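**Student:** Input: one structure, supplied below.
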């Protein structure tokens, strides 16, 4: 019979395209059980977030399997350009064991939410205590490679001294943030892609921030709005209001022809 092989049997080279091709086969994917991770959060283990330390911040990120790679769609508004340029395979993400771990984490979140949240809270508490010892301000990005409405879980209110932040392509979430409907310790940046430009510039008109990927050098302004160098750190909550967080195209994004990259 056809279908997908267990994720453990997939090579580094075939894992991502295999799931891209079969991402909608939820029934097939659900045949495979998930393994609960010993650790959910990645703490300053990439070249970008570690840059925040020179500003006094330490960053923890949760990386899940984006779009519907796990059988569950955790990026409801992802465009074709976004999926093609996704940083899921950047850095350590190129390895099949890392991909399998992200799939397992996503299935754990979707299929056993209670125990997942218990583990997440334990790790956040430990992270906060560690930051206090090391004199860092803790910040957390739960949507490292996903776009989940974490506000629905109440996690932000449970850790009021932590600065949470995310990027999102969900327009309604960005609007709620601009209107002040989210906890004060949560910041959202709306992500521009090839099919939401009207919404993105409306977010700017309303006083919000957006992120945009540029093919070459970052301009000082784009369509009349200030562009900041978002590659200098991942601390989007410190960006000037009503500005564009400019990112240089990396990896597969450098070859984008969809319009996702400006």
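**Student:** Filter segment 183-196 down to the residues that are surrounded by fewer than 24 Cβ atoms within 10 Å (Cβ to Cβ) and more than 18 Å from residue 248 (Cα to Cα) and list them by number.
**Tutor:** Within segment 183-196, 183, 184, 185, 186, 187, 195, 196 qualify.
**Student:** Could you grab the pairs with beta carbons closer than 7 Å, sequence gap of 6+ or different chains, first residue in segment 70-83 and at positive phi, second one crowded, with 20+ Cβ neighbours inside 10 Å and modelled with pLDDT under 85?
**Tutor:** Taking only residues 6 or more apart or on different chains, the pairs are 71/29.
**Student:** Can I ask one more? Say we look at segment 125-173 and pick out the residues that are more than 17 Å from the chain's Cα centre (by Cα) and part of a strand (DSSP E or B); which of these is farthest from residue 98 (Cα to Cα)?
**Tutor:** Looking at residues that are more than 17 Å from the chain's Cα centre (by Cα) and part of a strand (DSSP E or B), I get 137.
**Student:** On the given criteria, is residue 239 modelled with pLDDT of 95 or more and under 19 Å from residue 46 (Cα atoms)? Steps first, answer last, please.
**Tutor:** On the way: modelled with pLDDT of 95 or more: yes; under 19 Å from residue 46 (Cα atoms): no.
For residue 239, the condition - modelled with pLDDT of 95 or more and under 19 Å from residue 46 (Cα atoms) - is not met.
**Student:** Let me ask something additional. Return the residues of segment 48-67 that are assigned to a loop (DSSP other than H, G, I, E, B), more than 18 Å from residue 165 (Cα to Cα) and either at pLDDT below 85 or over 14 Å from the mean Cα position of the chain (by Cα) (or both); say none if nothing qualifies. Talk me through it step by step, then tell me what you get.
**Tutor:** Within segment 48-67, the subset assigned to a loop (DSSP other than H, G, I, E, B) is 48, 56, 63-67.
In the following step, the residues that additionally are more than 18 Å from residue 165 (Cα to Cα) were identified as 65, 67.
The one that is assigned to a loop (DSSP other than H, G, I, E, B), more than 18 Å from residue 165 (Cα to Cα) and either at pLDDT below 85 or over 14 Å from the mean Cα position of the chain (by Cα) (or both): 67.
**Student:** Okay, next question. Under the condition of being in a strand (DSSP E or B) and in contact (Cβ under 8 Å) with a residue 24 or more places away in the chain, which residue from segment 214-224 is farthest from residue 164 (Cα to Cα)? Lay out the reasoning, then the answer.
**Tutor:** If we filter segment 214-224 for residues that are in a strand (DSSP E or B), which is where we start, we get 214, 221-222.
Within this subset, residues satisfying the condition of being in contact (Cβ under 8 Å) with a residue 24 or more places away in the chain are 214, 222.
Numbers: 214: 26, 222: 27 Å.
Selected residue: 222.
**Student:** For segment 108-124, which positions are at pLDDT 95 or above and under 21 Å from the mean Cα position of the chain (by Cα)?
**Tutor:** Scanning segment 108-124 gives 116, 117, 118, 119, 120, 121, 122, 123, 124.
The values are calculated or read from the model by the stated rules, or taken from the named source; none is laboratory data. From a predicted model like this one, the values you see are computed outputs, not experimental measurements. Don't worry about glycine lacking a Cβ; one is built from the backbone with ideal geometry, like all the others, and counts go over all protein chains shown.
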